[in-house]
Structures are given as structure tokens and as C-alpha cells.
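Below is one structure, written out as C-alpha cells, with a few remarks after it.
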Amino acid sequence: MTSQAEVLRKLLSALAESGAEYMIVGSFAASVHGFTRATHDVDIVLSIPPESVSDLARALGGDFFMDEKSARSAIARKDMFNVIHLDAGVKVDFWPLEDDEFRRTQFSRRIKVAFDGVDAFVASAGDTVLSKLLRHHEAPSDRHLSDVRGILAAGADDLDWSYLDSWAERLGLTDLLREMSESL
């Protein structure tokens with residue numbers, strides 16, 4: 001069976017070949033910055049025009065299932081679509097880059113890291129904290145808060161707290177960020 005690292009390598013190669021810009025987010029990003037948590041899917045913010053979806057489908061080849069028509073339609077609607085690695089069963093959720101100031105700022109601050117021997121663009125630690133708090137605010141989940149605690153515990157001294165405080169205020173997350181940072 002294909003390992004998760006191999007799936008990630010194939011996926012990132014296909015993204016590069018298609019010319020798509022991306023940023024890994026969610027629990028994978030949280031694992032890079034905090035504590036590893038088992039997950040069977042990968043969440044990726046994607047910047048790709050609908051007319052380039054064919055290039056992505058071609059680059060993914062026979063390793064992944066992708067409904068090209070549905071993906072193109074989802075991108076045009078700014079909606080999520082997914083692909084599935086056929087051998088490993090790993091699901092990849094692609095989220096089109098939203099056109100708001102926070103998401104554009106987050107995307108511009110993505111960082112390149114080595115993850116399981118693969119270079120990948122990942123949301124920064126601070127942006128992952130903010131996104132996890134935002135997701136928790138929208139749909140409460142202990143997993144999001146656990147990911148935030150892991151990131152804060154692993155690198156609280158290295159975080160840009162003025163950036164975090166500024167965006168937390170703008171996103172209505174100040175109390176939640178304060179509560180999480182005080183719980184360490």
C-alpha cells in the first residue's frame with residue numbers, strides 16, 4: 001500500500017506540474033507546527049483558474065480519482081472539491097482561495113517546509129492558529145482547540161503575537177485566543 005508521504009509527494013508533484021498555487025492547511029498544517037495527529041485526509045487551499053483544472057487532472061493521472069467536471073464547477077462556484085488516492089484511500093479536500101483580506105494575507109504568508117521528506121507550502125503557525133480558532137468559532141470542535149494548544153505549546157515564543165492579536169480582534173476571536181494562550 002502507498003504511504004501517506006508517497007501520496008503527498010505525488011500530489012505536490014501534480015500541483016507543480018499543473019501550475020496551481022497551494023497551501024496545506026488543517027490538521028496537516030497543525031501537525032507541522034505542533035503535535036502530530038492522525039488524519040486520513042489532507043486539506044489544501046488552492047489557487048487555480050477553472051480552465052487549468054484539466055492540467056491538474058492530467059497531472060494526477062491514474063493514481064487519483066478526480067471528477068474533472070465537478071472540480072471545474074466547484075472552483076467556478078468557489079466551493080470545495082476532493083480527489084482520492086486510489087491505492088491508499090487518502091482523500092484530499094481542495095478549497096479554492098477565498099477572496100477576502102484574511103485569506104489572501106494567510107496565503108501570502110505560507111511557508112515552505114519539509115514534511116515527511118517532501119517540500120510543501122503550509123500555512124504559517126500563526127495563521128493555522130487563527131484558522132483553527134475561526135473553524136471552532138463557526139462549528140465548535142475539541143479537535144480544533146487541541147490543534148491550537150499543540151501549536152501554542154510547541155512554539156508560543158516564536159509566534160508573532162502582534163499579528164495574532166490584530167487578526168484575532170478583526171475576526172472576533174480575541175477572547176478565544178486569550179483563553180487558549182492562558183490555558184498553557
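We did not get these values from a lab; they are worked out from the coordinates using the rules stated. Everything quoted here is computed from the prediction, not taken from an experiment.
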Most fluctuating residue given options Glu138, Glu17, Glu68, as computed from a GNM of the chain linking Cα atoms under 10 Å: Glu138
Suppose a student asked you for the relative contact order of the stretch 126-182, using Cα pairs under 8 Å spaced at least 6 residues apart; what percent would you report? 43 percent
Interchain or long-range residues, amide H under 5 Å from Phe115's placed H: Ala120
Near the amide H of Val42, under 5 Å away, which other amide H atoms are found, from residues 5 or more places off or on another chain, if H is placed in the peptide plane? Lys91, Val92, Asp93
Convex hull of Cα atoms in the stretch 126-182, direction-averaged projection (nm²): 3.3 nm²
Return the aspartates and glutamates within reach of Lys78: Cα separation strictly under 17 angstrom, same-chain partners fewer than 8 residues apart disregarded; answer none if there are no such residues. Glu21, Asp43, Glu51, Asp67, Glu68, Asp93, Glu98, Asp99, Asp100, Glu101
Binning at 10 angstrom from zero up to the longest distance, how are the C-alpha pair distances of the chain distributed in percent? 9, 37, 34, 16, 3
Relative contact order as a percentage, the stretch 4-123, C-alpha pairs under 8 Å and 6+ apart, gives 29 percent
Cα centroid of the stretch 102-147 to Cα centroid of the stretch 1-71, whole Å: 15 Å
Leaving out same-chain residues fewer than 8 places away, which lysines sit with a Cα under 24 Å from that of Lys10? Lys69, Lys91, Lys112
